[in-house]
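A.B. asks: Input: one structure, supplied below.
Values in this text are rule-based calculations from the coordinates and carry no lab data. Small disclaimer: the values here were computed from a predicted structure and weren't measured. Here Cβ is always computed from backbone atoms with ideal geometry, including for glycine, and neighbour counts include all displayed protein chains.
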Amino acid sequence: MNLFLNPIRTELLKSKRSSALWLTLFAGAFIPAIQLLICLLRPEIFLPRIRTGPWEKYSQINWKQISTVILPLFVILITNLLVQIEFRNNTWKQVYATPVSFVSIFFSKLVVIQFFVLLFLLLSGAFIIAGGLTVGAVIPRYDLPVADIPLTASLKFLSRMYISVLPISVFQYALSGRYKNFIVSVATGLMLWVTGLVIMEWEHIQLYPYIYSTLAFFYDLKGQPEESGAILRNAFLWTAFFLTIGFLENYYRKQR
């Protein structure tokens, strides 16, 4: 077990010397902070929107922007940032020269990437709740009391959001490790994400993993559990596929 945990600790220590944590904090707070200000400054617009089911509606207003824009962008950027630590310091050869198995090296960095993705989602949820409480305290007509916070529903939603971006994180991980120039992997990820937004009306859009977080949100919003379940199943399948391809490509490239 230590043979796997030690590389994870090492990767976490490396991340402290990067801007990964600051990026995570900023990305997690960005939309909730903007939404907080808008609700405080324009109550005449938002009060009617969240009159029924205040916490649910307030959360949906935030997550619509996060799931569509911020979450996929964050996954692309944080993955590239963490992988680039080795390229920037020219330490890949030293990493592979350590008495640690290739499996541990490959998966330890991937685990740390997942840690930051989960941290981003949890921070986003926490900032949304903090924003809602602040709005309710300043303008009581919003009716957002602590007792009505839907914690269980929020955690279930966060788990679906996390599963929906698993394929992106794994694919970007494999891509970022393939190219030393960070622009290649970031630009490719952005292009694939924008393409997904453009082809949203495609009848087979459920096969396109870069748009899964958006689809998962809207299926959840519309109360379509079957479609949402299909997205999550496809996400697991794409994740397994990308993980297998990425592992094999990285392994044989490392041997050259």
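A.B. asks: In Å, the Kirkwood hydrodynamic radius of the stretch 2-255 over pairs of distinct alpha carbons? Show your work: numbers first, answer last.
C.D. replies: Working: mean 1/r = 0.0515 Å⁻¹.
When all Cα pairs of the stretch 2-255 are included, the Kirkwood radius is 19.4 Å.
A.B. asks: Could I ask something else about it? Angle, helix 20-41 long axis vs. longest principal axis of the chain, Cα atoms, 0 to 90°, nearest 10?
C.D. replies: 10 degrees
A.B. asks: Based on alpha-carbon centroids, what's the gap between the stretch 129-165 and the stretch 1-51 in Å, whole number please?
C.D. replies: So the two Cα centres are separated by 15 Å.
A.B. asks: Counting just the Cα atoms, what span does the stretch 15-125 cover along each of its three principal axes? Round to the nearest Å and put the largest first.
C.D. replies: 62, 22, 19
A.B. asks: Report the charge-dipole magnitude of the stretch 2-255 in Debye, nearest 20, computed about the Cα centre from +1 at each Lys and Arg Cβ and -1 at each Asp and Glu Cβ. Let's see the in-between values first.
C.D. replies: On the way: 21 positive and 12 negative charges, 166 e Å.
My answer is approximately 800 debye.
A.B. asks: Any idea how far the Cα center of the stretch 102-118 sits from the one of the stretch 177-256, in Å?
C.D. replies: Value for the Cα centre distance between the two parts: 18 Å.
A.B. asks: Related question: For the cross-link pairs K156/K222; K14/K64; K16/K109; K64/K180, which exceed 23 Å when the distance is taken from alpha carbon to alpha carbon? Write out the running numbers ahead of the final one.
C.D. replies: Numbers: K156/K222 16 Å; K14/K64 33 Å; K16/K109 13 Å; K64/K180 34 Å.
Cα-Cα > 23 Å for K14/K64; K64/K180; rest within.
A.B. asks: Further, regarding this structure: Where the convex hull is taken over the Cα atoms of the stretch 134-256, what is its projected area averaged over directions, in nm²? If you can, show how the numbers build up before the last one.
C.D. replies: On the way: hull surface 43.3 nm².
That works out to 10.8 nm², a quarter of the Cα hull's surface.
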